[in-house]
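Colleague: Pasting in a structure now, in structure tokens, and then I'll have a few things to ask.
The values are calculated or read from the model by the stated rules, or taken from the named source; none is laboratory data. As the structure is a prediction and not an experimental result, all values here were calculated from the model. Cβ sites come from the backbone with ideal geometry, for glycine too, and all protein chains shown count toward neighbours.
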Ligand code: GLC
Ligand code: MG
Ligand code: CA
């Protein structure tokens with residue numbers, strides 16, 4: 001009996017196990033048969049994946065023949081942005097200004113500069129852009145005002161309300177010269193020379209971290225902070241979609257109250273090539289990246305979030321400008337205590353960290369630096385140029401234009417185009433006689449100005465091959481038009497079968513794919529000169545950029561690229577590539593010519 005019992009129990013257990021085993025096998029097979037469902041696609045806010053285009057208004061399009069770009073000119077090209085796949089524009093300053101720093105020296109923060117147009121035109125521009133679905137961001141310049149601004153005049157006159165609006169300090173008697181006063185500290189301006197300027201009227205020095213005509217606001221004065229809210233509110237009420245915020249690292253300087261009543265000297269760099277009036281002579285310990293400035297940025301974010309909440313509509317944003325090391329840059333996003341700052345700080349790493357000499361490994365390292373340090377869930381952004389730096393094809397090589405634009409548009413987050421990059425515009429030559437940039441004029445002379453001049457990146461936009469490249473009908477333009485406009489211009493590139501602009505169009509279209517807006521990324525060097533960037537998302541097509549950034553042809557093995565499957569379709573190729581868009585790639589062993597870039601489209605993972 002007992003043995004029978006035991007046998008029955010064993011049979012029972014085996015039976016049950018068998019059934020369980022069968023169920024498991026069935027489950028596994030079933031899940032193998034049904035491919036996994038597509039991921040849930042949550043819509044993202046407009047600014048997190050937009051194509052942002054920087055307009056330098058003075059050089060974009062001149063409507064009235066005075067040789068200076070203007071709002072009516074921009075307005076006449078709004079459809080062009082729609083066609084180009086641009087979602088948002090940001091304009092360098094358009095406010096009243098004596099134009100010492102071409103608009104970054106604002107004398108009236110509440111009005112439009114007369115050369116650019118009128119308030120009515122600005123309102124019209126906003127309305128038309130919004131009708132077309134284009135967002136418009138303004139340049140907000142909080143660090144300084146023009147010395148022509150009423151605030152400054154009143155401050156210099158000692159009008160009580162404005163007395164402490166700027167950073168004023170007594171000087172020190174010059175032991176060698178009774179009639180001379182020495183500045184409060186050794187601080188050097190970004191444009192060269194002492195950062196302090198003597199005011200005869202007030203018998204004190206005022207601080208200017210940039211040009212003498214750009215006086216630094218005193219952010220330790222609550223009235224100044226309040227005025228900044230007023231300015232932002234004024235333009236938001238008009239309908240602006242947000243701001244690019246200028247020169248933040250210089251917003252706050254050391255507090256004399258913490259330094260025995262004196263402005264402390266910045267430490268000396270010890271670099272022999274710099275004299276005391278030259279940028280580089282000191283290390284900006286007390287003048288740049290001060291931790292207190294971030295609290296101001298966090299307050300602005302609170303303000304704009306509240307504005308969004310109170311007013312509804314699409315999100316208004318803050319994109320902050322500042323060249324700083326990675327940790328000080330990331331603090332603009334927010335800090336560990338949970339404070340939130342800019343929607344993003346502009347990423348200048350493609351401008352400061354890579355060049356024509358960089359290897360594929362340098363590119364990968366630079367890209368991963370941002371993505372590694374960026375706080376979880378934040379939005380990255382990418383750009384290769386702006387009005388302060390040499391143009392992208394000049395800093396790199398002209399055969400890299402399409403590859404760099406592809407990289408810029410394929411990376412996750414926001415892509416920023418500086419006007420002209422979409423057609424591969426290069427630096428224009430500007431002679432010493434024609435040079436107008438205050439930085440070049442102050443820091444350089446006839447022999448050295450080109451080291452500092454920002455004019456070459458600011459020459460007028462090339463619309464077509466007519467007079468002044470179609471920028472202006474005037475006899476002269478504020479900066480000369482670059483000589484190569486006959487070969488490099490938008491009209492020609494619209495006609496040519498293959499052109500940088502056509503590549504750009506394909507890229508902005510590609511960005512609308514869910515893989516690009518929501519997908520993962522993988523990036524790695526395949527060799528010294530070629531790297532890949534894969535964008536993939538389960539059940540959606542995979543897009544792979546392979547880019548040879550070197551000066552010689554490179555044989556690469558695409559079987560090393562994750563998510564790669566053959567055959568693949570060439571979705572985009574740089575204009576000198578022998579592989580045409582739409583062609584099929586069958587082989588994983590390929591040779592990429594110098595500068596050649598391909599975007600391959602492969603079946604979903
Ligand atoms: C920013 C601007 C630059 C300007 C400076 C001072 O860096 O981009 O053009 O000269 O701030 O406002
Ligand atoms: Mg004009
Ligand atoms: Ca300042």
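Colleague: Could you run through the range 461-475 and say how many residues are within 16 Å of ligand 2 (Cβ to nearest atom), surrounded by 19 or more Cβ atoms within 10 Å (Cβ to Cβ) and either over 20 Å from the mean Cα position of the chain (by Cα) or modelled with pLDDT under 95 (or both)?
Modeller: 6
Colleague: List the number of the failed condition for residue 563; all other conditions in (1) over 22 Å from residue 508 (Cβ atoms); (2) in contact with a helix residue (DSSP H, G or I) (Cβ under 9 Å, 6 or more places away or on another chain); (3) modelled with pLDDT of 95 or more hold.
Modeller: With respect to (1) over 22 Å from residue 508 (Cβ atoms); (2) in contact with a helix residue (DSSP H, G or I) (Cβ under 9 Å, 6 or more places away or on another chain); (3) modelled with pLDDT of 95 or more, residue 563 is out only on (2).
Colleague: Touching a strand residue (DSSP E or B) at 6+ places or on another chain (Cβ under 7 Å), surrounded by 13 or more Cβ atoms within 10 Å (Cβ to Cβ), free of Cβ contacts under 8 Å to residues at least 40 places away in the same chain and on the phi < 0 side of the Ramachandran plot: which single residue out of 183, 173 fits that description?
Modeller: 183
Colleague: Go through the range 43-77 and give me each residue that's free of Cβ contacts under 8 Å to residues at least 12 places away in the same chain and more than 10 Å from ligand 2 (Cβ to nearest atom).
Modeller: Residue satisfying the conditions is 43 alone.
Colleague: Let me ask another. Taking residue 329, is it surrounded by 21 or more Cβ atoms within 10 Å (Cβ to Cβ) and within 16 Å of ligand 3 (Cβ to nearest atom)?
Modeller: Here the answer is no, as residue 329 does not meet what is asked.
Colleague: With a cut-off of at least 1 residues that are farther than 27 Å from residue 452 by Cα and assigned by TED's automatic domain parsing to the domain that holds residue 97, name the strands (runs of 3 or more DSSP E) lying wholly within the range 113-227.
Modeller: Those strands (runs of 3 or more DSSP E) span 135-140.
Colleague: Here are the criteria: (1) more than 16 Å from ligand 1 (Cβ to nearest atom); (2) surrounded by fewer than 18 Cβ atoms within 10 Å (Cβ to Cβ). Tell me which single one residue 125 does not satisfy.
Modeller: The number of the failed condition is (2).
Colleague: So which of 524, 498 ends up being farther than 17 Å from residue 546 by Cα and either part of a helix (DSSP H, G or I) or modelled with pLDDT of 95 or more (or both)?
Modeller: Of the residues listed, the single one that is farther than 17 Å from residue 546 by Cα and either part of a helix (DSSP H, G or I) or modelled with pLDDT of 95 or more (or both) is 498.
Colleague: Quick check, is residue 138 away from ligand 2 (no atom under 16 Å from the Cβ), closer than 30 Å to residue 435 by Cα and touching a helix residue (DSSP H, G or I) at 6+ places or on another chain (Cβ under 8 Å)?
Modeller: In short, yes.
Colleague: Still on this structure: If I ask for residues that are in contact (Cβ under 8 Å) with a residue 24 or more places away in the chain and surrounded by 14 or more Cβ atoms within 10 Å (Cβ to Cβ), which ones from the range 306-325 would you list?
Modeller: 307, 315, 316, 317, 318, 319, 320, 321, 322, 323, 324
Colleague: Now a separate question. Name, by its number, the condition in (1) assigned by TED's automatic domain parsing to the domain that holds residue 84; (2) under 24 Å from the mean Cα position of the chain (by Cα); (3) over 19 Å from residue 393 (Cβ atoms) that does not hold for residue 495.
Modeller: Residue 495 satisfies all of (1) assigned by TED's automatic domain parsing to the domain that holds residue 84; (2) under 24 Å from the mean Cα position of the chain (by Cα); (3) over 19 Å from residue 393 (Cβ atoms) except (2).
Colleague: Are any of the residues in the range 442-449 more than 21 Å from the chain's Cα centre (by Cα), at pLDDT 95 or above and surrounded by 20 or more Cβ atoms within 10 Å (Cβ to Cβ)?
Modeller: yes
Colleague: For the range 217-247, enumerate the residues that are within 20 Å of residue 263 (Cα to Cα) and crowded, with 23+ Cβ neighbours inside 10 Å.
Modeller: Once the filter is applied, which keeps residues that are within 20 Å of residue 263 (Cα to Cα) and crowded, with 23+ Cβ neighbours inside 10 Å, the range 217-247 yields only 217.
Colleague: Being touching a residue at least 40 places away in the same chain (Cβ under 8 Å) and over 20 Å from residue 89 (Cα atoms) is the filter here; which residues of the range 332-349 pass it?
Modeller: If the condition is that a residue be touching a residue at least 40 places away in the same chain (Cβ under 8 Å) and over 20 Å from residue 89 (Cα atoms), then 332, 333, 334, 335, 339, 340, 341 are the ones that fit.
Colleague: Residue 513 passes all but one of (1) buried (at least 17 other Cβ atoms within 10 Å of the Cβ); (2) touching a residue at least 40 places away in the same chain (Cβ under 8 Å); (3) under 30 Å from residue 395 (Cβ atoms); which number fails?
Modeller: In the conditions (1) buried (at least 17 other Cβ atoms within 10 Å of the Cβ); (2) touching a residue at least 40 places away in the same chain (Cβ under 8 Å); (3) under 30 Å from residue 395 (Cβ atoms), residue 513 misses (2) alone.
Colleague: Can residue 356 be described as assigned by TED's automatic domain parsing to the domain that holds residue 241, in contact (Cβ under 8 Å) with a residue 40 or more places away in the chain, buried (at least 16 other Cβ atoms within 10 Å of the Cβ) and assigned to a loop (DSSP other than H, G, I, E, B)?
Modeller: Considered against the rule, which asks whether it is assigned by TED's automatic domain parsing to the domain that holds residue 241, in contact (Cβ under 8 Å) with a residue 40 or more places away in the chain, buried (at least 16 other Cβ atoms within 10 Å of the Cβ) and assigned to a loop (DSSP other than H, G, I, E, B), residue 356 comes out as no.
Colleague: Can I ask one more? Identify the residue in the range 462-481 that is out of contact with any helix residue (DSSP H, G or I) (no Cβ under 8 Å at 6 or more places or on another chain) and assigned to a loop (DSSP other than H, G, I, E, B) and, among all such residues, is farthest from residue 423 (Cα to Cα).
Modeller: Looking at residues that are out of contact with any helix residue (DSSP H, G or I) (no Cβ under 8 Å at 6 or more places or on another chain) and assigned to a loop (DSSP other than H, G, I, E, B), I get 475.
Colleague: Determine, yes or no, whether residue 97 is within 16 Å of ligand 1 (Cβ to nearest atom), more than 14 Å from residue 463 (Cα to Cα), modelled with pLDDT of 95 or more and more than 21 Å from the chain's Cα centre (by Cα).
Modeller: Yes; evaluated as a whole, the condition is true for this residue.
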